[in-house]
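Below you'll find the structure, written out as structure tokens, and then a few comments.
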Amino acid sequence: MNTSIAITKKGRRALTVLAFLFITVQSFAQKPAAWQLEKMPVSLETDFALSALPPQLRSNATVYLLDPKKGYYITHKGSNGFICYITRTAWEWGEFRQDIAAAIAYDAEGARTIFKVEIDVAAMRASGKFTALQIKNIVIDRIKKGIYKAPARTGISYMLAPVMRVNPGKPDRHDVMTMNMPHYMFYAPYLTNTDIGNIPDGQADGPVVINPGAMWLGDRKSPYGFIILLASEAQKAKIMNDNKALLKRLIDYKPYFKVAAGKM
């Protein structure tokens, strides 16, 4: 009798412990780790990615979407050599944010070289096996070893979407900005603003060189530099007008897509 009672009490205690563990596990499962990104609605992500390209290139471009648990995958295989996607991780800053989102498109050469880094970074983040700092250091090491290479020819990356949410481009600033800044980017590996005459460093009007990797690799050591040329005011106005519906969908999805007054 006493033994039976003892077993019953132990059984109840075990069930209580199991129930507690189950609730705890469920609780943790419902709270994504810092590295895990939220999946964007497929139609919204697709339209946002395509908006990076000029209209005449969209129907035959390859579209990549992001599976937060695996990385990038092709949802539409194109035929013109251009690819487009939404970047969600800026490896250069060595941190995992949930609110980075920018539509980018590359020609065939950029897809072959620069996008390779994006694919690997997204896969490493999705695995949950690496910290943001580890990913940054891995990318830097692979660049130094020549695993990641610069584009072998001149080419173009389009960022003509109506909005983007990105880092400000300075290593001492870890905030992000939402901007209406459609622009063109031309591959300029290892170049500086001095090379194109924009001095002091990128402050003058006109084209500007950006290369976030140079913050850690040093000037002329990072292969992923771009000469940026802003869309004209007339082009920008047309882009904003043509993408009113998309912009509203993005803001409805995440309010941080709304540009603050005074931002470009």
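Before moving on, here are some points about what is shown:
- Dimensionless Rg ratio for segment 115-264, taking C-alpha atoms and the 2.2 N^0.38 Å reference: 1.14
- Close amide H partners of Ser222, meaning residues 5 or more places away or on another chain with modelled amide H under 5 Å apart, are Tyr190.
- Long-range HN-HN contacts of Ala102 with modeled amide H, under 5 Å: Thr87, Arg165
- Exposure rank, largest accessible area first [Glu45, Glu118; 1.4 Å]: Glu118, Glu45
- In order along segment 212-223, the Karplus-derived 3J(HN,Hα) couplings, from 6.51 cos²θ - 1.76 cosθ + 1.60 at θ = phi - 60°, round to x, x, 5, 4, 10, 8, x, 4, 6, 10, 9, x Hz, and Gly and Pro are given as x.
- Evaluating 6.51 cos²θ - 1.76 cosθ + 1.60 at θ = phi - 60° for every residue in segment 97-105, the Karplus couplings come out as 10, 9, 10, 8, 7, 9, 7, 10, 10 Hz, glycine and proline recorded as x.
- ³J(HN,Hα) computed for each position of segment 238-252 - Karplus, 6.51 cos²θ - 1.76 cosθ + 1.60, integer Hz, glycine/proline x: 5, 4, 5, 5, 5, 10, 4, 5, 4, 4, 5, 4, 5, 5, 5
- Protein-only accessible surface order, largest first, of Glu38, Glu95 at 1.4 Å: Glu38, Glu95
- Pairwise Cα distances in segment 188-264 exceed 14 Å for 71 percent of all pairs.
- Long-range HN-HN contacts of Val208 with modeled amide H, under 5 Å: Ile228
- Given Lys39/Lys248; Lys221/Lys248; Lys39/Lys77; Lys238/Lys258; Lys145/Lys236; Lys129/Lys248, the pairs whose alpha carbons are separated by over 30 Å: Lys221/Lys248; Lys145/Lys236; Lys129/Lys248
- Accessible-area order (highest first, 1.4 angstrom probe) of the listed residues Ser127, Ser222: Ser127, Ser222
- Accessible area of Asp47 in the full protein assembly, 1.4 Å probe (Å², nearest 10): 60
The values are calculated or read from the model by the stated rules, or taken from the named source; none is laboratory data. Keep in mind the model is a prediction, meaning the values are calculated, not measured. Remember, those area values only see protein heavy atoms, side chains included, never the ligands or the DNA or RNA. Shrake-Rupley method; radii C 1.70, N 1.55, O 1.52, S 1.80 Å.
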